[in-house]
Every structure is written in C-alpha cells, then in structure tokens.
1. Applying the Karplus parametrisation 6.51 cos²θ - 1.76 cosθ + 1.60 with θ = phi - 60° to the phi angles of the range 29-35, what ³J(HN,Hα) value in whole Hz is obtained for each residue in order, glycine and proline being reported as x?
2. Keeping to pairs on different chains or 8 or more places apart, tell me how many lysine pairs in the chain have Cα atoms under 24 Å apart.
3. In Å and from the alpha-carbon atoms only, list the Rg and Dmax of the chain.
4. How do the peptides 46-53, 59-66 rank, highest first, by the average count of neighbouring beta carbon atoms within 10 Å per residue?
5. Between residue 132 and residue 57, take the C-beta separation as r, use R0 = 30 Å, and let me know the FRET efficiency to the nearest 0.05.
Amino acid sequence: MDKDMETYKTGTREIMLTATRNKLDYQLAADNGLDSKAGVILAFVGGLSFFYLESISYYLNIITIIPLVFMVIAGYHLWKILISREYNTGVVDFFDDKKGYRMKDKDELVLQLISDYQEAFENNDVILNEKNLNYKEALKYLLIGLVSIAILYIF
C-alpha cells in the first residue's frame, strides 16, 4: 500500500509540474503576442504621426499639434511594453547549480521545479499586468489621437 501511495504522489507531482510549466508557457506566449501587437501598433503610430505632420506643415498651430501629443503619449506606452525584458522563463541551469538540483532525488527535484516555476509565474504575472495596463493606455491615447485628427480634418 505504501508503494502504491508513493507512486500516486510521484505521479501527482509530475502532473503538477507539467501543469505549472504549461501555465508558465501560456503566460510567455501571451507576452510574445502582446509584444508583437505593440510593435505593429507602434509602427502604425509612427507612420500616422509622420503622415499627419507632413499634411499640417503648412498651417502649424497649437490646435493642430494636439493629435501629435496624443500619438507621442501612445508611442511612449507602447515603447514601455517593448523594452520590458525581465521575464523568468523557468529554465533551470544545471551547470550553475546554485540550488543543488543535481544532488536532489527525483521527488525533491520535482518539488523544487514546481516551486521555481510557480515563483517565475508569479513574478512574470506582475510584469504582464503592467504591460497590459500600458497597452490599454496606449490604445486609449491612440484612439483620442485618431478622433482628434478626424475632427481637425472635418473642420
């Protein structure tokens, strides 16, 4: 009975390890998607800003600069998304063995890896939430900038 229980615990731990690693992989994929969207939108903001600046160059005044201010703020928030590279991927370096991975038995190693992956997930979650806030702010300012450009072109 003890051997069956030990096999059950080992199997459960390995399932937990796989689930925790999958959760971390999903989070890193979400980060890559957010970075991709931010890069594309930043290129759009830059192109639109240059196009708009070129089209208003003959009647430049304080009112016509307002959309550019919103575009610059949107670009700033998008840039903050792109420069954040503090993610922990959960990859273990067995050669620089600071936590003694090579000295642990299988069960201890699995538990340590689960702990490391969960810690990486929690740290990355804070960073991803900040990126999401910056993304929302960027879209808000981009929308305000686009609407202000449309209003200026109508009038």
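1. 5, 5, 5, 4, x, 5, 4
2. Lysine pair count for the chain: 20.
3. 24.2, 87
4. On the way: 46-53: 14.6, 59-66: 11.1.
Per-residue Cβ counts within 10 Å, averaged per peptide and sorted highest first, yield 46-53, 59-66.
5. Working: r = 36 Å, r/R0 = 1.21.
According to the calculation, E is roughly 0.25.
Bear in mind these aren't lab numbers, they're just calculated from the coordinates by the rules spelled out. Note that this is a predicted model, so its numbers are computed, not measured. Cβ coordinates were reconstructed from backbone atoms using ideal geometry, including for glycine residues, and neighbour counts include every protein chain displayed.
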